[in-house]
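Visitor: Shown below is the structure under consideration.
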Amino acid sequence: MQDTDPHRQDKHKTYALHFNLGHQNKGFIMFTGSKKIAPICGFLILAASIACQWDRPLEKPLEIGYAPSTQISLPEGAKARIGKGTIRGIEYTSDGTQFAVMSSIGIWLYDAETLQELALLTEHTEYIYSGCLSPDGTKAASGAHNGSVRIWDTITGKLLETLEGHTSRVTAISFSPDGKTLATGDIDGKLRLWRSATGELLNETAEHTSHITCISFSADGRKLATATGSGNANAPSTVYLWDAFASVNLKTLKGHTKDVKSVHFSPDGKILASGGNDKTVRLWDVDTGKHLKTLEGNTSWVESVQFSPDGEMLASQSFGNDVLLWSTRTGKLLKKLQEHSFLYGNSVRFSPDGKILASTSKNEMFFWHIALGKPINILLDEFTAWVEDVDFSPDGRKIATAGEDGKVRLWNAATGEHLMTFEKHRSRVKSVHFSPDSKMLASGSEDKTVHLWDVETGRLMNVLEGHEKQILSVRFSPDGRKIASGGWDKWVLVWDVTTGEQLKVLGPTNIVRNVRFSPDGQEIVTDSGKVDLWNASTGKYLKTLTHYSGYGVSFAPNGKKILVGGHNEVHLRPVDMLGFPKTLTGATGSWVEDVSYSPDGQTVASANKDGTVSVWDASTGELLSSFIGHTSTVNKITFSPDGSTIASCSGDGTVLLWDVPQR
């Protein structure tokens, strides 16, 4: 897959010349500028948010041309993927020609020179917690929340083996240096060794007293190191050394006062490094088990440690913003790489030639020039943390996503280009909604504020403050003059968009999970364990429409019915109590998380806790389709303005676009 964009190619060349990083036959060609990796993953979408009026004509679909990276390994029924999931780690092949990014949806393979996606290895329907790459790059393995382990051929993309045995979350996984053995550990403390070629279980042990957090083989493959989490953040943790062939415990290393998150052998196998939640890195003599040094300097939990290929340096990555380089001989701090500010740091890896250091967080990746101690200023911005909400602009040109990382992202629906990121919120963003004219975007956050953004410039236009607790939902009125917001403080606040003045207070009720205006703007409906109707102008409580405790509420485009979520079902209820209620069954995963009407009112859909999406014919109640593809809870769901596309956002860090099934 080649990058044909000349603008991006010029940036590649410029940066490679600037840092003299054009390696022969391997390495990196990178660029500065907007902190994006090239090529940016394109996310192309048909268009726009739910129409407000029954008689409003449907929007014309945009001409589509989804970027290649959005088409890789799509689940059945999906036509594009926004985002690549949440990063769990990174590993290089031994020759440095490729690297793998372990994400919550699968393992992404990249060409290390062009930074092009080569493949996505995924067939899991559960969140992926761990992954690894064989040193020769021919195999990859992933471990999931439900205990399943899969081994892949990275050349063909073929699934080779599915390993059954773990009954709980696989938290750690590693290939032996020769790639013949795969070690896996789970949250119950069970360690298993498998023959990677056949999936045969070679050995297992249950000697760990708590969940296994990490696994590392020595370079000769003779020893294996594991570490545990205590289950108590303030209790000591243990590092274990094993005979890799017999699974015999050779030594137990104690000294960390909190959970150990990472272990790694020096290239000669003589020293073991461990890092943990006590903010320290400890070096151990492998033969004697003696504690050699304690390296202190990280300002938060140490999530990852790795020796350089020559063994002269050790890198440590913290949960916060620290990437530290240490001398393994003296224990002195050599460099502190701190020009980035991401949280949730989780992995650090040297390139095989020792010239580049890659550090990752949940949704960002930095490459550092080690000799200069400076960043090669790029991010993999297409990786995203838990996506809380998704909305189409009414003009069909943009899509907004709300993230666990406190960021709101805008995408160009026609080209798939990532347009901008809004970063003023101080906590996770729970809800986003475009104004009817598509010129403004409202975002509500756990930081108790509503932000109003200029969509074209990215300027923060106003901050609406008044809630006492986290905000869970925001919505513009159909005329764009008001905003309603609700959340944990059990109140709904109605705001004047122009002045920012607080106009009305509705409540108190229970925790307001969703708030919606009626299509004519005269009423507001709240989802708070029951569904209540309010007068939007006076703030007066009108009536309770239903006591179903499911999540999600949506008005029919004509305003005569509401759709609410239930337990493996959704319910259609008349607003004026004239007419008969209807229950549509067939959803899965327990309680429905969100619901949505199509713009023409003929189709309804639900976001389900088990990662599925259910679609019904609203008239007949027939279940039209159940889409399977997310590896975590589907949080929100919405239709495009022309009604042909459903967008679902998930805790797996992605948005999937689905073709609406024909009735």
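Visitor: At a Cα cut-off below 20 Å, give the aspartates and glutamates reachable from K79, other chains included and same-chain residues fewer than 8 away excluded.
Guide: E59, E63, E117, E123, E382, D389, D391, E417, D642, D652, D659
Visitor: Past 31 Å, Cα to Cα: identify those pairs from K270/K355; K362/K582; K398/K543, in the order given.
Guide: K362/K582; K398/K543
Visitor: Something else: Which entries of K158/K190; K190/K251; K424/K482; K407/K482 show an alpha-carbon separation above 25 angstrom in the structure shown?
Guide: Beyond 25 Å: K158/K190.
Visitor: Right, another one. So what are the ³J(HN,Hα) numbers for the range 107-113, from phi and the Karplus equation (6.51, -1.76, 1.60; θ = phi - 60°), rounded to whole Hz, Gly and Pro as x?
Guide: With the stated coefficients, the range 107-113 comes to 10, 8, 9, 10, 7, 6, 8 Hz.
Visitor: Find the centroid of the Cα atoms in the range 147-202 and in the range 267-314, then give the distance between the two in whole Å.
Guide: 26
Visitor: How large is the translational diffusion coefficient of the range 449-541 in µm² per second when you combine the Kirkwood radius over alpha carbon pairs with Stokes-Einstein at 20 °C and 1.002 mPa s?
Guide: 163
Visitor: While we're on this one: List the residues, sorted by chain then number, that are 5 or more residues from G89 or on another chain and whose placed amide H is less than 5 Å from its amide H.
Guide: Under 5 Å from the amide H of G89 lie the amide H atoms of M102, each far enough along the sequence or on another chain.
Visitor: Toward the positive end of the charge dipole of the chain, about the Cα centre and with charges on Cβ (Lys, Arg +1; Asp, Glu -1), which of T603, Q662, I370 goes farthest?
Guide: Going by the Cα projections, it comes out as I370.
Visitor: May I ask you to list the residues of the range 238-256 whose amide nitrogen lies under 17 Å from a point 7 Å from Cα along the Cα→beta-carbon direction of H291?
Guide: 238-241, 251-256
Visitor: Provide the net charge surrounding T449, with neighbours chosen by a C-beta distance below 13 Å and charges set as Lys +1, Arg +1, Asp -1, Glu -1.
Guide: Values: positive: K424, R426, R428, K430, K448, K469; negative: E446, D447, E465, E468, D489.
Residues near T449 contribute +1 overall.
Visitor: Next question. Rounded to the nearest 500, what is the 222 nm mean residue ellipticity of the chain from helices alone, with -39500 (n - 2.57) per DSSP H run of 4+ residues and division by all residues?
Guide: So the helix-based figure for the chain works out to -500 deg cm²/dmol.
Visitor: Output the Kirkwood hydrodynamic radius of the range 98-171, Cα pairs only, in Å rounded to one decimal.
Guide: One over the average 1/r among Cα pairs gives 12.2 Å for the range 98-171.
Visitor: Just the accessible area for T181, please: 1.4 Å probe, Å², rounded to the nearest 10?
Guide: 30
Visitor: Continuing with the same structure: So how much slack lies between D353 and L334, counting 0.36 nm per residue of separation and subtracting their Cα-Cα distance, in nm?
Guide: Net length gain for the segment: 5.0 nm.
Visitor: Under a 1.4 Å probe, what is the accessible area of the chain per residue, stated in Å²?
Guide: Numbers: 25230 Å² over 663 residues.
On a per-residue basis, 38 Å².
Visitor: So, one more: Please list, in order along the range 383-393, the HN-Hα scalar couplings obtained from phi with the Karplus expression 6.51 cos²θ - 1.76 cosθ + 1.60 (θ = phi - 60°), rounded to whole Hz, x for Gly and Pro.
Guide: The phi angles translate into 7, 9, 6, 2, 9, 7, 7, 9, 8, 8, 6 Hz.
Visitor: Contour minus end-to-end for K469 and E200, with contour as 0.36 nm per residue of separation and end-to-end as the Cα-Cα distance?
Guide: 91.6 nm
Visitor: Same structure again: Grab the Cα-Cα distance for S94 and K439, subtract it from 0.36 nm times how many residues apart they are, and report the gain in nm with one decimal.
Guide: Contour length minus the Cα-Cα distance gives 119.3 nm.
Visitor: Separate question: Suppose every Lys and Arg Cβ carries +1 and every Asp and Glu Cβ carries -1, with no other charges. What dipole size does the chain come out with about its Cα centre, to the nearest 20 debye?
Guide: I would put it at about 1220 debye.
Visitor: What FRET efficiency, computed as 1/(1 + (r/R0)^6) with R0 = 22 Å and r the Cβ-Cβ distance, is obtained for N535 and K490, rounded to the nearest 0.05?
Guide: Plugging the Cβ-Cβ distance into 1/(1 + (r/R0)^6) gives 0.75.
Visitor: To the nearest 10 degrees, how steeply does helix 6-19 sit against the main Cα axis of the chain, on a 0 to 90 scale?
Guide: 30
Visitor: What are the residues whose amide H is under 5 Å from the amide H of E569, where those residues sit 5 or more places off or on another chain and H is modelled from the backbone?
Guide: Hits under the 5 Å cutoff: A587, V592.
Visitor: Here's a follow-up. Just want to confirm a number: the relative contact order over the chain, from Cα pairs under 8 angstrom separated by 6+ residues, in percent.
Guide: 11
Visitor: Using amide H atoms built in the peptide plane, which far-off residues or other-chain residues are under 5 Å from E303 H to H?
Guide: For E303, whose amide H was placed from the backbone, the distant partners under 5 Å are Q317, S318, F319.
Visitor: Here are a few candidate values for Cα extents along the principal axes in Å: [x] 80, 52, 46; [y] 173, 67, 65; [z] 68, 63, 53. Which one was actually calculated from the structure I just gave you?
Guide: Read-out taken from this structure: [x].
Visitor: Using a 1.4 Å probe on the protein chains only, how many percent of the accessible area of the range 542-588 belongs to carbon and sulfur? All intermediate terms of the calculation are to be shown ahead of the outcome.
Guide: On the way: 1180 of 2090 Å².
Ligands and nucleic acids excluded, carbon and sulfur give 57 percent.
Visitor: I need the fraction of alpha carbon pairs in the range 254-387 separated by more than 23 Å, rounded to a whole percent.
Guide: 28
Visitor: K374 to S73: FRET efficiency via 1/(1 + (r/R0)^6), r the Cβ-Cβ distance, R0 35 Å, to the nearest 0.05?
Guide: FRET efficiency, K374 to S73: 0.50.
Visitor: For K490, list the aspartates and glutamates whose Cα falls under 12 Å from its own Cα; do not include residues on the same chain fewer than 8 positions away.
Guide: E468, D527
Visitor: Distance in nm between label sites at F580 and E501, each 7 Å beyond Cα in the beta-carbon direction?
Guide: Label at F580, label at E501, 4.9 nm between them.
The values are calculated or read from the model by the stated rules, or taken from the named source; none is laboratory data. As the structure is a computational prediction, the values presented were derived from the model and not from experiment. Virtual Cβ from ideal backbone geometry, glycine too; neighbours counted across all protein chains shown. What goes into the accessible areas is simple: the full protein's heavy atoms, side chains included, and nothing from ligands, DNA or RNA. Shrake-Rupley method; radii C 1.70, N 1.55, O 1.52, S 1.80 Å.
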